[in-house]
Amino acid sequence: MEKHSALVAGIMQLCITPSATLYFYPLFSIVLFFIANGFLYPLDVSHFYPLILGIGIALFSIFGTNMWNHSNDIREDMAHGKNNVLTQGLVKRRTIMILAIIFYMISLVTIYILSEMLNRPIFPFFLIWCVVTWWYSDNFIFKKIFGFRLKDHYVGELVTYIIACPTFTFSIWLIYTDMDVRGLALALIFVFYGISGLLLKDLKDISGDRAAGLKTFGVVFLPSQLLFLSSILLILYYLSIITFTVLEIFNIGSLLVVIPLVLFISGTFTHFHRKGWELEKNDYKPVQNMMLTTYASLFLFGIGNFI
């Protein structure tokens, strides 16, 4: 029984790795819901049914993506020294691939039904997202057809995020409301946000990526270059929210993001600018500040449109 529980826990760990899955995607769905609906009065439980659907679809689809990624990356994960039920041989790759497909299919079918019920183009956007995230990791279909997978080269990574960020944003947004200028603005905002994270996500895996023959951002560019570009994109993320708020596309409460912006500039941007953007082991606090202020900005962005 304990062995069975450990295997289930190990499989669930694949679903929520990277760890940002569990807190980013629910927060992302909540932010979009608040922006789409504003203050709901009088409050009624039924008002929040779309929010539950949005969070559920976001998590199920990302669970599928994570499991598909891990099932295709056993060699790279072993090179990185990562321990999970796949690299340890406790679960067959085929099992994880089947589970990933199930998560994808549940999300696709649900989105298709919602698209028909709401008469909104949710399904086309979500289908594009599914195809590009599948190709991002796939070693078995697209790689055999085209000779490469998107995550093996930084250009492919960049193309993936440029496509995946807006299509995923539209997919969740259209669950809550019709397409409008707010949805388009959000797509741009989360492109800045997503690519900023992309530039830094592989820094801890540089040696493993190099050993696996990958040409990711972390392998091709210096950490100092990636940290600088990521910080610039984060500032563009903040400035885009502020600009769209000044243009009255978002609620005036969205200007609350100025608080984490100031904290980011003072606690992270200024720190690394002074030292030439060199990233060292003792830079834990500025990096942590970067992460905390970014998540705080998302929270405040949502709250600012709800109050």
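Each value in this text was obtained by applying a stated rule to the coordinates, not by laboratory testing. On a predicted model such as this, the values are computed, not experimentally measured, just so you know. Please note: Cβ atoms are built from the backbone with ideal geometry, for glycine as well, and neighbour counts cover all protein chains shown.
Some points to look at:
- Along region 253-270 the Karplus relation, 6.51 cos²θ - 1.76 cosθ + 1.60 evaluated at θ = phi - 60°, assigns HN-Hα couplings of x, 4, 5, 4, 5, 4, 4, x, 4, 4, 5, 5, 5, 6, x, 10, 4, 5 Hz to successive residues, with x for each Gly and Pro.
- The GNM of the chain, with springs linking C-alpha atoms under 10 angstrom apart, assigns the highest mean-square fluctuation among W135, W68, W277 to W277.
- Ranked W134, W129, W173, criterion: other C-beta atoms within 10 Å, fewest first: W134, W129, W173
- For the residues E248, E76, E157, a GNM of the chain with alpha-carbon springs under 10 Å puts the largest fluctuation on E248.
- Rounded to the nearest 20 debye, the dipole size of region 180-307 about its Cα centre is 240 debye, using +1 on the Cβ of Lys and Arg and -1 on the Cβ of Asp and Glu.
- Total lysine pairs whose alpha carbons fall under 23 Å of each other in the chain (8 or more apart, or interchain): 27
- In the calculated pair-distance distribution of region 35-155, the portion above 25 angstrom amounts to 38 percent of the Cα-Cα pairs.
- Size estimate for region 194-245 follows the Kirkwood approach: the inverse of mean 1/r over distinct Cα pairs works out to 11.8 Å.
- Rounded to the nearest 20, the size of the Cβ-charge dipole of region 34-180 about its Cα centre is 660 debye, with Lys and Arg at +1 and Asp and Glu at -1.
- Dipole axis of the chain (+1 Lys, Arg; -1 Asp, Glu on Cβ), positive-most option in I55, S266, I195: I195
- Based on Cα contacts under 8 Å between residues 6+ apart, region 180-307 shows a relative contact order of 26 percent.
- GNM remark for the chain: springs join alpha carbons under 10 Å apart, and the peak mean-square fluctuation among L247, L279, L203 falls on L247.
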